[in-house]
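Down below is the structure, laid out as structure tokens.
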Amino acid sequence: MNAEIRKFRKILLAEDDPQDVELTLAALEEFHLANQVVVVHDGERALDYLYRRGEFKTRAEGLPILVLLDLKMPKVSGLEVLKIIKADEHLKTIPVVVLSSSRETPDLIECYRHGVNAYVVKPVDFAEFMKAVKQLGIFWAAINEPPQTGRGEASIPSGEVLSPGKKVVQNEIPAPHPAP
């Protein structure tokens, strides 16, 4: 696989619960859905990663292909992180999936009001959690075709997906395209 493309296949996981981090990483690893998952434990560090500041100021350029975001985090809430991402011209095309234990209607409405791409209530059962993360990963890391941003991020031809450890492979399911 082209090294230029590989370095941009990162998922940012913003989650403060160590058990949920461990389960999410296990699911992503089991299904080979990302070359690298960057884990941060609060909203402030998620923003530091995205804006390349603080401990992340020297990280490689490029944006994650997906942000998995918990709502209830210390320092800066997941909702605030979502608002900042979706208000920023350079970040707003990054898919953001909220993984939350909250089934509260106001949380759902507020997240969709601010541009979340998906809202998933964390299943308590391990097998259900693994299945949910697998489905998310397959769609956002393999099927979804992100737009080119002009900031050096790599792109792949339409209808093809990247598979870790393999060359570009044909996609059997047509990738959805965002509305203009």
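Quick notes
- Failed item in (1) surrounded by 13 or more Cβ atoms within 10 Å (Cβ to Cβ); (2) at pLDDT 60 or above; (3) hydrophobic (A, V, I, L, M, F, W, C), with ALA175 passing the rest: (2)
- Options GLU153, GLU145; residue that is out of contact with any strand residue (DSSP E or B) (no Cβ under 9 Å at 6 or more places or on another chain), at pLDDT below 90, buried (at least 16 other Cβ atoms within 10 Å of the Cβ) and outside any helix (DSSP H, G or I): GLU153
- Residue in segment 85-96 that is open to solvent by 20 Å² or more (accessible area, probe 1.4 Å) and touching a residue at least 40 places away in the same chain (Cβ under 8 Å) present: yes
- When ARG103 is tested against the conditions (1) surrounded by fewer than 16 Cβ atoms within 10 Å (Cβ to Cβ); (2) more than 21 Å from GLN135 (Cα to Cα), the lone failure is (2).
- Candidate set: segment 52-71, residues that are touching a strand residue (DSSP E or B) at 6+ places or on another chain (Cβ under 7 Å) and assigned to a loop (DSSP other than H, G, I, E, B); chosen: the one surrounded by the most Cβ atoms within 10 Å (Cβ to Cβ): ASP70
- Look at (1) assigned to a helix (DSSP H, G or I); (2) in contact with a Phe, Trp or Tyr (Cβ under 6 Å, 6 or more places away or on another chain) and you find that VAL81 fails only one, number (2).
- Where LEU108 falls short, out of the listed (1) surrounded by 14 or more Cβ atoms within 10 Å (Cβ to Cβ); (2) more than 16 Å from the chain's Cα centre (by Cα); (3) farther than 24 Å from LEU50 by Cα: (3)
- All conditions but one from (1) open to solvent by less than 10 Å² (accessible area, probe 1.4 Å); (2) without any contact (Cβ under 8 Å) to a residue 24 or more places away in the chain apply to ASN117; the one that does not is (1).
- Within segment 1-33, tally of residues that are at pLDDT below 80 and not in a helix (DSSP H, G or I): 8
The values are calculated or read from the model by the stated rules, or taken from the named source; none is laboratory data. This structure is a prediction, so every number in the text was calculated from the model and none was measured. Using ideal geometry, Cβ is built from the backbone for each residue, glycine included, and neighbour counts are taken over all protein chains shown. Surface areas here come from the heavy atoms of the whole protein model, side chains and all, with no ligands, DNA or RNA. Shrake-Rupley method; radii C 1.70, N 1.55, O 1.52, S 1.80 Å.
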